[in-house]
Amino acid sequence: MSNTTNHPFRKKWGQNFLADGNLLDKIVRTINPKNTDSILEIGPGEGALTERIYPKVKEMAAIEIDPMLIEHLKNRDSLKGLQIVHGDVLLQEIETIPINNPVRVIGNIPYNITSPIIFWLIEQLDFWDDAFIMMQKEVAERLSAKVGTKAYGRFTVVVGAYLNMEYCFTIPPDVFIPKPKVDSAIIRFTKKEIPIVPDEKYVRFNKLVATAFSQRRKMLRNTLKAWNFAESVKERIDFTRRPESLTIEEFALLIDLHSQ
Ligand code: SAM
């Protein structure tokens, strides 16, 4: 297995390229692209996944940050007509990408920006239908963690208030060039029909949950002191509890009662 362009791998951009045909085919089967789909790919790299998906769909755009890879993608005959956007995905709005929305999002993304990309998705719920995101297995486990466990935290709660998550499969390091040190996983995100927290309370909810988990061994009465919750709220939710014991619905109740 070798990369086709011989460009240097840029660690700062999380470049680990998929280089196993069988695995790529398995990802395509999992995504199940249809000829009515508008697909947005994050970080196409050399286009290993792109070239398998693009011929099967109505239209497709790909956002890539590395100028050398942009040149490579533009020169590939099999990708003629692909909408190639050069830039940082986190600074893009799906609405302005030149394909129809809602899109289906796919991406073997740089792992160091996994959470910003998931929050980027949450901030643009109207413009996508589902998202297949590859990430470090440990991060996937944090996302799907059960209340009361060590892995349950801010990420689990905030993401879980808006998105459903389906663990598709685990990917070992040896299908990438260069090999990462960790196992990976593909997760399919869909949107909750009714978000547990209304959109307009997202920012405050995020802040509340982050504050509660900033010192996860401490009780809510200490970490949330500055929020000045009324005594009536504390009668409904015991403030001697620690954050990892609260369900997503209980955090949602807290932000609801605080706003009243
Ligand atoms: N999809 C390719 C594959 O599977 O072989 C490449 C995956 S590699 C893990 C991540 C890709 O995302 C790289 O091509 C990298 O240059 C690109 N990338 C990194 N940061 C980015 C950003 N902020 N916005 C868009 N693309 C980015």
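The values are calculated or read from the model by the stated rules, or taken from the named source; none is laboratory data. What you are looking at is a predicted structure, and each value in this text was computed from that prediction instead of being measured. We place every Cβ from the backbone using ideal geometry, glycine too, and count neighbours over all the protein chains shown. Note: accessible area is taken over every heavy atom of the protein model, side chains too, but ligands, DNA and RNA are not part of it. Shrake-Rupley method; radii C 1.70, N 1.55, O 1.52, S 1.80 Å.
A compact table of results
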item: Restricting the stretch 64-96 to residues that are in a strand (DSSP E or B) and out of contact with any His (no Cβ under 7 Å at 6 or more places or on another chain), the residue that is farthest from the ligand (Cβ to nearest atom); result: Gln83
item: Any chance Arg216 is open to solvent by 70 Å² or more (accessible area, probe 1.4 Å) and outside any loop (DSSP other than H, G, I, E, B); result: no
item: Where Ala151 falls short, out of the listed (1) farther than 23 Å from Arg10 by Cα; (2) in contact (Cβ under 8 Å) with a residue 24 or more places away in the chain; (3) not in a strand (DSSP E or B); result: (2)
item: Residues that are free of Cβ contacts under 8 Å to residues at least 60 places away in the same chain and within 22 Å of Gln215 (Cβ to Cβ), drawn from the stretch 157-169; result: Val158, Val159
item: Hits in the stretch 156-203 - residues which are modelled with pLDDT of 95 or more and in a helix (DSSP H, G or I); result: Thr156, Val157, Val158, Val159, Gly160, Pro173, Asp174, Val175
item: Residue ID - surrounded by the fewest Cβ atoms within 10 Å (Cβ to Cβ), chosen from residues in the stretch 107-139 that are in a helix (DSSP H, G or I) and away from the ligand (no atom under 15 Å from the Cβ); result: Asp126
item: Count of residues meeting criterion [closer than 21 Å to Leu121 by Cβ and crowded, with 18+ Cβ neighbours inside 10 Å] in the stretch 24-57; result: 15
item: Condition met for Ile99 (within 14 Å of the ligand (Cβ to nearest atom) and at pLDDT 95 or above); result: no
item: Counted residues, the stretch 42-84 - those being among the hydroxyl-bearing types (Ser, Thr, Tyr) and under 24 Å from the mean Cα position of the chain (by Cα); result: 2
